[in-house]
Amino acid sequence: MEAYSLFDMNVGEMVGSSTVYLVIITALLCIVNSIVKKTPLPPGPWNFPVVGSLPWLSINSPHKTLYNMAKTYGNAFYLKFGSIPTLVLNEYQTIHDALVDKSEDFSGRPDLFSFEYASEGKSMSFTGCNRRFWKLHRRLAEKSLKTVMESTLNLASEEARNLAEMFTDNTLDPREQVLWSMAKVKYTLCYGNYKKNLDHFHKMINAVLKVLELHNTGNFLNFIPLARTIFKKRERELKETCDKMMDMTKISEEKHLAEYNRDKIEDAMDALIKIGIDEGRSPLERDRILHTVQDFIGAGLDITYISINWCLQYMAKYPNFQKLVQDEIDQVLEGRPVTPLDQPSMPKTMSFIYEVLRHACVVPFALPHSTVRDTTLQGYRIPKDTFVLVNLFSMTRDIKVFPEPEVFNPNRFIDNGNLNADVLNRFIPCGIGRRRCVGEKLGKTELFLYVVNILQKLNVNQVSEINSTPIFGLVQKPKPFQLNFASRK
């Protein structure tokens with residue numbers, strides 16, 4: 001029998017065969033497309049015109065409302081924030097399935113106008129992973145932080161000791177002092193020693209705080225287009241404040257470029273110039289490299305100083321756990337100053353910090369994600385460009401991981417005298433996957449240094465009953481409270 005191949009066909013046969021192949025392929029694509037279309041969208045509540053599901057949400061605790069909705073609709077459900085179709089993710093496994101197992105599919109950032117105002121639209125945090133050079137940008141940010149990590153933590157320890165000295169034998173609301181103490185650390189990390197440019201320092205920090213205030217309740221203008229017409233003043237205020245921050249950053253950028261010395265790296269901007277411009281020959285544009293410090297000072301300041309305030313409140317509210325931490329501090333340090341290297345030797349201190357972050361749920365939602373392509377999750381169809389809201393609060397209340405979740409109990413993070421790795425692996429206060437907070441290690445270590453330096457010298461006492469109900473925001477703040485700081489000597 002003779003061998004037969006495509007090359008033995010005449011033109012007519014080839015055209016006929018191609019037509020057959022085309023029909024088969026088209027039929028297969030139709031079948032696949034039909035199957036995909038039959039795959040259901042996740043369930044969810046009924047939506048109102050214009051405002052979507054917003055009327056169903058509690059203004060003061062939407063994270064709790066969404067967690068309770070998951071009990072009806074499942075841990076991945078659909079609703080609308082205004083006009084924007086939104087996938088809400090609850091509890092660790094569902095969040096992991098999306099952000100780790102399908103990290104590429106869920107790696108985008110939604111196109112929100114407020115994101116474009118940050119760093120002239122060149123922010124690492126607000127840019128989707130699918131955008132050109134994002135991975136290089138993140139790697140550059142990580143390297144620059146690592147370069148100045150030691151000096152930043154040394155300053156954090158110094159400022160924590162100064163704060164403890166200021167608090168000694170005083171009764172006060174510590175929130176403002178903690179804010180400006182951490183502001184000195186974050187400004188110096190980004191722009192250089194705050195003492196050398198006090199005017200720039202105060203103007204920059206006040207601008208950062210204003211931007212955070214405008215964002216902190218969640219910018220509803222992103223979700224209801226009509227609201228942007230009605231509340232033009234609020235949008236204009238956000239843009240003008242972001243522009244003001246950017247102008248001040250550019251002044252510092254030009255100064256750093258003019259005075260740059262590759263042998264004298266003093267802050268993150270110096271490190272960015274060295275790694276990204278001088279040595280790195282990075283394909284990233286210069287502005288995108290240097291504007292990275294705005295990511296550091298924005299999220300870094302807000303989350304860290306608020307977390308310190310929560311720790312102070314919980315120290316006073318739970319004196320038995322405060323005493324356990326102080327006993328560990330005394331035993332391990334024996335009167336010497338604390339260092340970052342002491343963290344592994346102090347599991348009770350670390351478990352206290354982790355439990356504060358869990359119980360207070362300092363950050364109830366991760367920065368929103370979006371899907372970069374059509375995908376599926378847990379049997380549901382998720383279209384491209386879906387807005388994805390990750391409810392971190394739900395993870396902190398998962399009874400399978402945290403029995404009696406409303407009880408404050410640092411011991412849940414301890415196993416046979418050491419930190420419980422299984423519990424820690426399912427505790428993700430800084431997010432998970434490729435969008436995990438780039439400053440997570442720095443922030444946790446700063447928090448550790450402040451807690452230890454204060455409790456090494458002071459007993460923190462309630463003045464009156466503390467109300468631990470937070471003020472809701474993208475970062476949840478404690479309400480005003482008074483503490484007494486008594487010297488341990």
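What are the residue pairs meeting all of these: first residue in segment 369-380, first residue in contact (Cβ under 8 Å) with a residue 60 or more places away in the chain, second residue surrounded by fewer than 17 Cβ atoms within 10 Å (Cβ to Cβ) and not in a loop (DSSP other than H, G, I, E, B), Cβ atoms under 7 Å, and 6 or more apart or on different chains?
Between residues of segment 369-380 that are in contact (Cβ under 8 Å) with a residue 60 or more places away in the chain and residues that are surrounded by fewer than 17 Cβ atoms within 10 Å (Cβ to Cβ) and not in a loop (DSSP other than H, G, I, E, B), the close pairs are LEU377/ASP97; GLN378/ASP97.
Give just the number: which of (1) part of a strand (DSSP E or B); (2) buried (at least 21 other Cβ atoms within 10 Å of the Cβ) does ILE353 not satisfy?
For ILE353, the exception is condition (1).
Would you point out the residue of segment 372-403, among those that are in contact with a helix residue (DSSP H, G or I) (Cβ under 9 Å, 6 or more places away or on another chain) and assigned to a loop (DSSP other than H, G, I, E, B), that is nearest to LYS477 (Cα to Cα)?
Per the stated criteria, the residue is ARG397.
Only one of LYS146, LYS102 is charged (D, E, K, R), within 30 Å of ASP422 (Cβ to Cβ) and in contact with a strand residue (DSSP E or B) (Cβ under 7 Å, 6 or more places away or on another chain); which?
When all the criteria are applied, what remains is LYS102.
Which one of the conditions (1) surrounded by 21 or more Cβ atoms within 10 Å (Cβ to Cβ); (2) under 26 Å from GLY433 (Cβ atoms) does ASP111 fail to meet, given that it meets all the rest?
Result: ASP111 fails condition (1) only.
Between residues in segment 273-295 that are in a loop (DSSP other than H, G, I, E, B) and residues that are buried (at least 23 other Cβ atoms within 10 Å of the Cβ) and small (Gly, Ala, Ser), which pairs lie under 8 Å by C-beta distance while being six or more apart or on different chains?
Close Cβ pairs satisfying both conditions: SER282/GLY276; LEU284/GLY276; HIS291/SER119.
Just to be sure, is PHE427 at pLDDT below 95 and buried (at least 16 other Cβ atoms within 10 Å of the Cβ)?
Criteria met by PHE427.
From the list THR292, THR241, which residue is polar (S, T, N, Q) and within 18 Å of LEU145 (Cβ to Cβ)?
On inspection, the qualifying residue turns out to be THR292.
Return yes or no: is SER58 under 30 Å from VAL293 (Cβ atoms) and of a type in the set (S, T, N, Q)?
no
Can we say ASP385 is touching a residue at least 40 places away in the same chain (Cβ under 8 Å) and surrounded by fewer than 16 Cβ atoms within 10 Å (Cβ to Cβ)?
Yes, satisfied.
Yes/no per residue for (1) over 30 Å from ARG397 (Cα atoms); (2) at pLDDT 60 or above; (3) surrounded by fewer than 12 Cβ atoms within 10 Å (Cβ to Cβ):
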{"site": "PHE7", "(1), (2), (3)": "yes, no, yes"}
{"site": "GLY44", "(1), (2), (3)": "no, yes, no"}
{"site": "VAL50", "(1), (2), (3)": "yes, yes, no"}
{"site": "GLU91", "(1), (2), (3)": "no, yes, no"}
{"site": "ASP105", "(1), (2), (3)": "no, yes, no"}
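Filter segment 437-460 for residues that are over 25 Å from VAL211 (Cα atoms), out of contact with any Phe, Trp or Tyr (no Cβ under 8 Å at 6 or more places or on another chain) and not basic (Lys, Arg) and give the result.
Once the filter is applied, which keeps residues that are over 25 Å from VAL211 (Cα atoms), out of contact with any Phe, Trp or Tyr (no Cβ under 8 Å at 6 or more places or on another chain) and not basic (Lys, Arg), segment 437-460 yields THR445, PHE448, LEU449, TYR450, VAL452, ASN453, LEU455, GLN456.
For residues that are of a type outside the set (Ser, Thr, Tyr), free of Cβ contacts under 8 Å to residues at least 24 places away in the same chain and within 18 Å of ASP270 (Cβ to Cβ), tally how many sit in segment 149-195.
The number of residues fulfilling the criteria is 3.
What are the residues in segment 404-429 that are of a type in the set (A, V, I, L, M, F, W, C), touching a helix residue (DSSP H, G or I) at 6+ places or on another chain (Cβ under 8 Å) and either outside any loop (DSSP other than H, G, I, E, B) or under 17 Å from GLU91 (Cβ atoms) (or both), if any?
Selection gives PHE413, ILE414, LEU419, VAL423, LEU424, PHE427, ILE428.
Please state which one of THR304, THR339, THR249 is of a type in the set (Val, Ile, Thr) and over 18 Å from ILE454 (Cβ atoms).
THR249
Only one of these conditions is not met by ASN261: (1) surrounded by 19 or more Cβ atoms within 10 Å (Cβ to Cβ); (2) not in a helix (DSSP H, G or I). Which number is it?
Answer for ASN261: the failing condition is (1).
For every residue, the table says whether it meets (1) surrounded by fewer than 19 Cβ atoms within 10 Å (Cβ to Cβ); (2) farther than 30 Å from LYS195 by Cβ; (3) in contact with a Gly (Cβ under 8 Å, 6 or more places away or on another chain).
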site: GLU254; (1), (2), (3): yes, no, no
site: LEU272; (1), (2), (3): no, no, no
site: PRO283; (1), (2), (3): yes, yes, no
site: ILE306; (1), (2), (3): no, no, no
site: MET315; (1), (2), (3): no, no, no
site: LEU324; (1), (2), (3): yes, yes, no
site: THR339; (1), (2), (3): yes, no, no
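Any residue in segment 101-128 that's under 22 Å from GLU440 (Cβ atoms) and touching a residue at least 60 places away in the same chain (Cβ under 8 Å): show its pairings with residues that are crowded, with 19+ Cβ neighbours inside 10 Å and of a type in the set (Asp, Glu) at Cβ separation under 7 Å, as long as the two are six or more apart or on different chains.
SER123/ASP295; MET124/ASP295; SER125/ASP295
One line per residue, one yes/no per condition, for (1) part of a strand (DSSP E or B); (2) at pLDDT below 95:
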residue	(1), (2)
LEU79	yes, yes
ALA98	no, no
GLU120	no, yes
GLY128	no, yes
ARG138	no, yes
ALA160	no, no
ALA164	no, no
TRP180	no, no
ALA183	no, no
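The values are calculated or read from the model by the stated rules, or taken from the named source; none is laboratory data. All values derive from a computational prediction rather than experimental measurement. Ideal geometry is used to build each Cβ from the backbone, glycine not excepted, and the neighbour counts take in all protein chains shown.
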